[in-house]
Amino acid sequence: MPALAKRATSGVPARLTVGSRVRVPVLGGGERRYVNLDNAASTPPFTGVLKTVNRFSRWYSNVHRGMGFKSRLSSHAFEEARDSVARFVRARPSDVVIFCRNTTHGINQVARRLDWSHRPVVLVSSMEHHSNDLPWRKVGQVIHIQLDAAGRIDEEHFRSLLRQHGSRIGVVAVTGASNVTGIINPVHRYARLAHEVGARILVDAAQLAPHRAIDMRPATDPAHLDFVVFSGHKIYAPFGAGVLVGPRQLFLENDPYEVGGGTVDVVNQGEVAWTGLPDREEAGTPCIVGAIALAAAIERIQEIGWPAITGHESALTSLALRRLGRIPGLTLYGDAEPTRAKQRLGVIAFNLEGRPHALVAAILSHEWAVGTRSGCFCAQIHLKHLLGIDEAGTREIKRRILAGDRRDGPGAVRLSMGAYNTVGDIDRISAGLEAIAAGDVRGKYRVDAKSGEYHPTGTRYDYGSYYRG
């Protein structure tokens with residue numbers, strides 16, 4: 001097993017992230033160490049990131065234009081963080097790094113800035129998170145690229161859409177890696193195809209960035225990436241910042257997406273002169289701490305090294321696929337072959353026959369102290385495809401949800417791994433699922449029709465006591 005995976009049993013990963021040793025209550029009394037397998041939603045901060053944030057807090061001040069020492073220091077750290085992001089994705093000198101709230105915000109910025117008068121079509125893969133689908137619907141004609149049975153992009157359909165719509169295509173929007181199945185897309189190949197018809201490509205790298213290196217490549221390379229967007233909260237820096245990286249010239253062509261403090265050089269009653277980049281695209285006070293936390297996370301990843309991270313996560317993914325694949329009645333979605341674990345991320349969606357996905361996730365939490373996620377993961381089109389739900393089923397689901405009833409809603413359970421997870425974590429969730437499959441459940445659960453969530457009867461937690469002073 002790779003070096004990081006060997007250390008997984010020696011306690012080193014427990015020092016890698018904040019909160020990895022916390023204990024939580026379980027049914028029947030007592031506590032257990034919490035196993036976080038919900039990293040695709042958000043990762044905990046690296047311990048080094050939290051230390052950096054705490055150190056910086058002594059010197060925190062607003063950036064730009066302030067002449068006090070703290071403001072000058074904060075401005076230096078903020079711009080240094082911008083440089084770190086540029087190096088992390090191998091951005092081009094002609095690119096600009098814009099700090100934003102998150103991936104969703106960044107994609108909306110791009111969608112609102114492009115000129116859609118001559119190229120109104122957007123090709124969006126059917127595996128996208130809603131954040132890389134819905135913003136495009138507000139500005140252009142979205143056409144979805146179909147998926148194959150395993151949930152991969154149907155490349156022949158993609159090519160046929162390129163031939164059909166050609167010069168009318170403004171953007172191809174695709175995720176770097178699926179937040180449902182862990183599929184890694186060949187984004188550079190897709191970029192080459194997009195550029196052949198004069199389109200740009202935007203890669204939602206929120207799921208990819210914590211697990212694989214990103215290379216935007218030179219603009220002279222036909223396979224270069226035009227836009228890359230990702231969030232700090234998925235890459236061990238959950239302090240509120242995301243990044244958008246793309247061609248500087250594009251953001252100088254029109255008015256900024258959002259306007260306000262910091263975006264102007266001159267304001268008179270009848271005129272405004274916008275300032276230069278990146279300030280004109282970062283209206284108001286930016287998330288300074290979030291940017292510095294993100295830079296610290298990037299530094300920690302570089303210290304660990306991609307070979308150690310990918311090797312460790314691939315070994316755990318292979319183990320998880322083998323263990324889960326042996327559980328009676330458990331269906332895995334996507335590529336479930338353990339020997340191909342290196343070709344995917346450790347994001348695994350599954351269902352257990354005869355048991356609602358939300359109930360399985362609740363039992364794992366309340367009885368096994370394992371954190372997963374259930375539902376459609378903001379990727380309803382992808383999930384319905386994997387589950388084989390047809391148009392009639394889709395209409396019935398819509399009817400029930402709009403009537404306020406989310407019981408028996410479509411979805412799956414998702415476990416997702418990070419660099420700090422261990423073999424013991426896979427042992428824990430596997431044992432929990434084996435017990436659930438065998439009917440060995442301690443509690444009695446009720447479902448809330450409005451949310452679709454299951455809760456054990458007679459159990460209440462004083463959540464506030466865990467974080468209030």
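The values are calculated or read from the model by the stated rules, or taken from the named source; none is laboratory data. On a predicted model such as this, the values are computed, not experimentally measured, just so you know. In this analysis, Cβ positions are derived from the backbone assuming ideal geometry, glycine residues included, and neighbour counts consider all displayed protein chains. Surface areas here come from the heavy atoms of the whole protein model, side chains and all, with no ligands, DNA or RNA. Shrake-Rupley method; radii C 1.70, N 1.55, O 1.52, S 1.80 Å.
Odds and ends about this structure:
- Qualifying position, being under 26 Å from the mean Cα position of the chain (by Cα) and exposed (fewer than 15 other Cβ atoms within 10 Å of the Cβ), among ILE401, ILE397: ILE401
- Being open to solvent by less than 70 Å² (accessible area, probe 1.4 Å) and farther than 30 Å from GLY439 by Cβ is a description that applies to LEU294.
- Residue selected from the stretch 29-88 under the condition among the basic types (Lys, Arg) and over 15 Å from LEU294 (Cβ atoms), by the criterion most open to solvent (accessible area, probe 1.4 Å): ARG65
- Contact annotation: residue pairs with Cβ atoms under 6 Å, 6 or more positions apart or on different chains, pairing a residue in the stretch 162-175 that is open to solvent by less than 10 Å² (accessible area, probe 1.4 Å) with a partner that is of a type in the set (Ser, Thr, Tyr), are VAL174/SER125; VAL174/TYR190.
Listed here are the residues, each with its yes/no results for (1) among the β-branched types (Val, Ile, Thr); (2) modelled with pLDDT of 95 or more.
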position	(1), (2)
GLU196	no, yes
ILE201	yes, yes
ARG212	no, yes
HIS224	no, yes
GLY240	no, no
PRO247	no, yes
GLY260	no, no
ASP265	no, no
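- Filtered by the rule that a residue be more than 16 Å from the chain's Cα centre (by Cα), hydrophobic (A, V, I, L, M, F, W, C) and buried (at least 18 other Cβ atoms within 10 Å of the Cβ), the stretch 103-138 gives VAL110, ALA111, LEU114, VAL121, VAL122, LEU123, VAL124, TRP136.
- Cβ pairs under 7 Å, 6+ apart, first in the stretch 106-126 and within 20 Å of HIS157 (Cα to Cα), second of a type in the set (Phe, Trp, Tyr) and assigned to a helix (DSSP H, G or I): VAL122/TRP136; VAL124/TRP136
- Here ARG340 meets the list (1) among the charged types (D, E, K, R); (2) touching a residue at least 60 places away in the same chain (Cβ under 8 Å); (3) open to solvent by 40 Å² or more (accessible area, probe 1.4 Å) almost entirely, failing just condition (2).
- Selection of first residues in the stretch 58-71 that are under 17 Å from ALA283 (Cα atoms) and outside any loop (DSSP other than H, G, I, E, B) and of second residues that are among the hydroxyl-bearing types (Ser, Thr, Tyr) and open to solvent by less than 50 Å² (accessible area, probe 1.4 Å), restricted to Cβ pairs under 7 Å at least 6 apart or on distinct chains, gives an empty result.
- Subset of the stretch 218-236 that is closer than 16 Å to ALA86 by Cβ and assigned to a loop (DSSP other than H, G, I, E, B) - its residue that is nearest to the chain's Cα centre (by Cα): ILE235
- The condition of being closer than 21 Å to ALA77 by Cβ and in contact with a His (Cβ under 9 Å, 6 or more places away or on another chain) holds for GLY290.
- All positions within the stretch 436-469 that are among the small types (Gly, Ala, Ser) and either without any contact (Cβ under 8 Å) to a residue 60 or more places away in the chain or open to solvent by 40 Å² or more (accessible area, probe 1.4 Å) (or both): ALA438, GLY439, ALA449, SER451, GLY458, GLY464, SER465, GLY469
- In the stretch 205-227, the residues that are surrounded by 23 or more Cβ atoms within 10 Å (Cβ to Cβ), within 22 Å of ARG168 (Cα to Cα) and of a type outside the set (Phe, Trp, Tyr): LEU225
- Some residue of the stretch 267-279 being part of a helix (DSSP H, G or I) and surrounded by fewer than 16 Cβ atoms within 10 Å (Cβ to Cβ): no
- For the stretch 366-374, the count of residues that are under 26 Å from LYS234 (Cα atoms) and among the β-branched types (Val, Ile, Thr) is nonzero.
- Residues (under 18 Å from ASN179 (Cα atoms), buried (at least 19 other Cβ atoms within 10 Å of the Cβ), touching a helix residue (DSSP H, G or I) at 6+ places or on another chain (Cβ under 7 Å) and not aromatic (Phe, Trp, Tyr)) located in the stretch 319-335: ALA320, LEU321
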